[in-house]
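So the structure is just underneath, and the comments pick up after that.
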Amino acid sequence: MKYRILLTSLCLMIFAISTQAQDGEWKLKREKDKLKVYTRNIAETGIKELKLTTQMETSLSSIIALFNDVPANTQWVYSSKEAKITETIAPHHVYYYSVSDFPWPLNDRDLIVDSIIHQDPDTKVVTSTSVASDKYPEQKGIVRVSVFESQWILTPLSGGIVDISYTVKTDPGGNIPVFLTNMFIDRGPIATMKKMREMLELPQYRHAKVDFIEELEKVNE
């Protein structure tokens, strides 16, 4: 009997370790229109973490100019109905407030983003990190998103190409079932990435020059 209990315990331990390993692995969910979508399991919430990768013919400054134009989020970020900067710490560091439109009977969601843009001086890779905070009062009738972590990694390549990687981990809160959240978790980010490609063709972004961003071409001159 003791050996049977010990064997059962060992099996459970092995299963737990195996599950934890799987939780940390990215799995390709779909690939279409030069866009790859990956997911991986997150044990804390059960909601999957998402990663999207693609390449675009653009510049680092163009992308950052689009990021910095926060009110324009309503034109390209999926379901965004309001976006505004609430505090500017530096040209590369702002807080902004965002409201996402959710279908009836669900309440809209909002969050505060702490957006920090950093460029590695050697590789010229740009990282933009966004973390939810409590620097804006909660609004009546809107559910505050308390779990939100995202990161853009922009890697300049030769020929005016930028490799783009976007990861996001969030929980919309409220009473939305986890399985339903996971079912549609990539719909918004995919639509956002496609619209981002269109926005970067607009003159105000395509020809933009951001002072604190250095393009890869300058290194090879």
Which of the residues that make up region 117-126 are surrounded by 15 or more Cβ atoms within 10 Å (Cβ to Cβ) and without any contact (Cβ under 8 Å) to a residue 40 or more places away in the chain? 125
Select from region 128-172 the residues that are charged (D, E, K, R) and in contact with a Lys or Arg (Cβ under 7 Å, 6 or more places away or on another chain) and write down the one among them that is nearest to residue 190 (Cα to Cα). 149
Return the pair list, or none, for Cβ contacts closer than 7 Å from residues in region 73-98 that are farther than 14 Å from residue 112 by Cβ to residues that are of a type in the set (Lys, Arg), at least 6 apart or on different chains. 74/81; 76/195
Restricted to region 134-167 and to residues being basic (Lys, Arg) and within 21 Å of the chain's Cα centre (by Cα), the residue nearest to residue 26 (Cα to Cα) is 144
Output the residues belonging to region 110-132 that are within 30 Å of residue 214 (Cα to Cα), part of a strand (DSSP E or B) and not small (Gly, Ala, Ser). 112, 113, 114, 116, 117, 118, 119, 126, 127, 129, 131
Which of the residues spanning region 174-206 are modelled with pLDDT under 85 and over 16 Å from residue 79 (Cα atoms)? 174, 175, 176, 177, 178, 179, 180, 182, 183
Please work out which one of (1) closer than 19 Å to residue 33 by Cβ; (2) in contact with a helix residue (DSSP H, G or I) (Cβ under 7 Å, 6 or more places away or on another chain) is the condition residue 165 fails and give its number. (2)
Limited to region 133-181, what total is found for residues that are in contact (Cβ under 8 Å) with a residue 60 or more places away in the chain, surrounded by 12 or more Cβ atoms within 10 Å (Cβ to Cβ) and not in a loop (DSSP other than H, G, I, E, B)? 17
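Out of 193, 199, which single residue is on the phi < 0 side of the Ramachandran plot, in contact with a helix residue (DSSP H, G or I) (Cβ under 6 Å, 6 or more places away or on another chain) and buried (at least 17 other Cβ atoms within 10 Å of the Cβ)? If you could, list the steps in order and put the result at the bottom.
On the way: 193 fails: in contact with a helix residue (DSSP H, G or I) (Cβ under 6 Å, 6 or more places away or on another chain).
That would be 199, the only listed residue that is on the phi < 0 side of the Ramachandran plot, in contact with a helix residue (DSSP H, G or I) (Cβ under 6 Å, 6 or more places away or on another chain) and buried (at least 17 other Cβ atoms within 10 Å of the Cβ).
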Selection over region 182-193 where residues are assigned to a loop (DSSP other than H, G, I, E, B) and within 16 Å of residue 32 (Cα to Cα) yields a count of 1
Can you tell me how many residues within region 74-109 are in contact with a Pro (Cβ under 8 Å, 6 or more places away or on another chain), assigned to a strand (DSSP E or B) and surrounded by 16 or more Cβ atoms within 10 Å (Cβ to Cβ)? 2
Exactly one condition in (1) at pLDDT 95 or above; (2) closer than 22 Å to residue 37 by Cβ; (3) in contact with a strand residue (DSSP E or B) (Cβ under 8 Å, 6 or more places away or on another chain) is false for residue 95; which is it? (2)
Considering region 60-73 alone, what residues qualify as being in a helix (DSSP H, G or I), surrounded by 15 or more Cβ atoms within 10 Å (Cβ to Cβ) and either on the phi > 0 side of the Ramachandran plot or not polar (S, T, N, Q) (or both)? 60, 63, 64, 65, 66, 67, 70, 72
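The values are calculated or read from the model by the stated rules, or taken from the named source; none is laboratory data. Since the model is a prediction, treat every value here as computed from it, not as a measurement. Note that each Cβ is placed from the backbone with ideal geometry, even for glycine, and that neighbours are counted across all protein chains shown.
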